[in-house]
Amino acid sequence: MPLPTMERDVLAQAMNERIAEVGPSAVPYSRELEPPRPTTGPLAALVGLLEGGRYCPPEQLSGIVDRAAQAMGLRGAAIFLADHEQYRLTAMRNGESDGAAQFPVEGSLAGRAFQTGETIPALNDPPPRYWVPILDGDERLGVLEVVLDRADQVVDPSLREQCQWLAALLGHLIASLDAHGDRIDRLRRSGPRSAGAELIWSLLPPLTAGVGGFVVSGLLAPADDLGGDIFDYALSETSVSLAVFDAMGHGLRAGLIAAAAVSAYRAARKAGHDLLAQAALIDQTVAATFPDAYVTAVLIELDLGSGDIDYVNAGHPEPLLLRAGTVVTTLDGGRRLPLGLNADLGVAGDLVLGGASLQPGDCLALYTDGVTEARALNGAFFGDARLVDYLERAASSNQSPPETARRLLHAVLDHQDGVLQDDATLLLARWGARP
């Protein structure tokens, strides 16, 4: 009997679902349907990676991305993840054979792709390949080695872009799966981690993030033995919040103090409190929980529309403002005692905010005293002058904040022969494009 078009197609769908279970025949639809699921090409690769990563354990991710690359007509692909200190890139394999291949971040094509965030072709070591950065948003996680089938594919811009799609989706999957198990994080560690460091890393936001023309990037050392340093940020369409904390002491107790401070900061910030109220709640929380302790901190609010900033500095090293490759000033206002020492003052005292205005391309450098007070074997400190010189050279070359943080913190570690006596933390932010 005749049926309206929609009802006929609903009936055809029901019949086809049943027929699919018992045989290859099909009931015709009244209209042309979309083509079936692709089996080759970039869409097939992305669908395969997306569906394959939905329920897979981290151990299976390398096999899934390899099959996705093959669906694109390529020989295959391999994941290389950066360690937390960002010295090396290590292959992530199926099973327990991780670490079979490594590349240094300095001096390798894979490392160059990681540093620059650009896809790097390689022809000298056959077969030809791409090294594609793996990013979760703006955070650098590693690189994807894409092995090509033919040398002429290296100069195919469409294929290069498709490989970047694959790496972008992979970055989100790695970040998601990292929270589901230990495998990914274990691969990225240089050694056993102290309880204090475990606490701090569990509270950190992504090391790099961006919104509009703004990017922020932080790094901490020693990665496996952190204590009282931590940073935080929050991005929105109109504003950015930045904070760096340095709790007194070392080890797990310092980590607990820092955790209390950043938790109070987030509670106040998410409740919509202003900077003075945020500082007051941190002050009260630390004083009530650790009566004999304190935390130094810098809290900053940036208006993304105007570039205006307000800030509070609670006994912390003064942030640096760089403009056109030069440190032009320090944020020396908004001073108050370290948080935890004067909880009864609250917001009713004579505290005032510091203020400044950024211009497009300006950079802010927030850091803890472990950077400038890193001491070499001959007793020489890394010092303010060395810090300023390094930041100015990086800014003049338009180096990205995450790469500047990586190189600068490595310079601090090298100055102290790789063994820090105190945590060293950097938080670098750049607003707007360089004119």
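The values are calculated or read from the model by the stated rules, or taken from the named source; none is laboratory data. Remember, predicted model here, so these are calculated numbers, not experimental data. All Cβ positions, glycine included, derive from the backbone under ideal geometry; neighbour counts span all protein chains shown. Only protein heavy atoms, including side chains, enter the accessible area calculation; ligands, DNA and RNA are left aside. Shrake-Rupley method; radii C 1.70, N 1.55, O 1.52, S 1.80 Å.
Label region 242-295 by shape, choosing from rounded, prolate and oblate, from the square roots a ≥ b ≥ c of the eigenvalues of the Cα gyration tensor; if a/c is under 1.5 it is rounded, and otherwise prolate applies when a/b is larger than b/c, oblate when it is not. Present the calculation step by step, with values, prior to reporting the outcome.
Working: a/c = 2.34, a/b = 1.78, b/c = 1.32.
It comes out prolate by the Cα gyration axes.
What is the chain's relative contact order, in percent, from Cα pairs under 8 angstrom and six or more apart in sequence? Show your work: numbers first, answer last.
Numbers: 919 pairs, mean separation 48.8, N = 435.
Relative contact order here is 11 percent.
For region 183-327, what D do you get in µm² per second when you plug the Kirkwood radius from alpha-carbon pairs into Stokes-Einstein at 25 °C and 0.890 mPa s?
On the way: Rh = 16.1 Å.
Taking Rh from Cα pairs, D becomes 152 µm²/s.
Which residues does a label at D389 reach in region 401-435, if reach means a backbone N under 20 Å from a point 7 Å past the Cα toward the Cβ?
Under 20 Å, as judged by backbone N against the label point of D389, lie 404-418 of region 401-435.
Could you tell me what a quarter of the Cα convex hull surface of the chain works out to, in nm² with one decimal place?
Details: hull surface 113.1 nm².
Dividing the Cα hull surface by four gives the mean projection, 28.3 nm².
Quick check on packing: order 274-284, 38-48, 415-425 by the mean number of other C-beta atoms within 10 Å, highest mean leading.
Numbers: 274-284: 22.5, 38-48: 16.5, 415-425: 18.4.
For the peptides 274-284, 38-48, 415-425, the packing ranking is 274-284, 415-425, 38-48.
Once the Cα atoms of helix 5-22 and of the chain are each reduced to a long axis, what angle between those two axes, in degrees from 0 to 90 to the nearest 10, is obtained?
With rounding to tens, the tilt is 80 degrees.
Quick one: net charge around Q421, please, counting Lys, Arg +1 and Asp, Glu -1 for every other residue with C-beta under 10 Å from its C-beta. All intermediate terms of the calculation are to be shown ahead of the outcome.
Details: positive: R375; negative: E373, D422, D423.
Taking every Cβ under 10 Å from that of Q421, the sum is -2.
Working from Cα positions, state the angle (0 to 90°, nearest 10) between the long axis of helix 41-52 and the longest principal axis of the chain.
Between helix and principal axis, roughly 70 degrees.
What size of dipole, in debye to the nearest 20, comes out for the chain about its Cα centre when the only charges are +1 on Lys and Arg C-beta atoms and -1 on Asp and Glu C-beta atoms? List each step's numbers first, then the result.
Numbers: 33 positive and 56 negative charges, 167 e Å.
That gives a dipole near 800 debye.
Assuming R0 = 51 Å, can you tell me the calculated FRET efficiency for the pair V27 and R160, based on Cβ-Cβ distance, to the nearest 0.05? Present the calculation step by step, with values, prior to reporting the outcome.
Details: r = 43 Å, r/R0 = 0.85.
It comes to 0.70.
Could you state the number of Å between the C-alpha centres of region 383-426 and region 224-264?
Here the answer is 20 Å between Cα centres.
Please name which of L148, A287, A113 has its Cα lying farthest along the dipole of the chain towards the positive end, using unit charges on Cβ (Lys, Arg +1; Asp, Glu -1) and the Cα centre as origin.
So the residue furthest toward the plus end is L148.
Carbon and sulfur atoms: what percent of the 1.4 Å accessible area of region 204-272 do they account for?
Working: 1220 of 2160 Å².
Carbon and sulfur atoms account for 57 percent of the accessible area of region 204-272.
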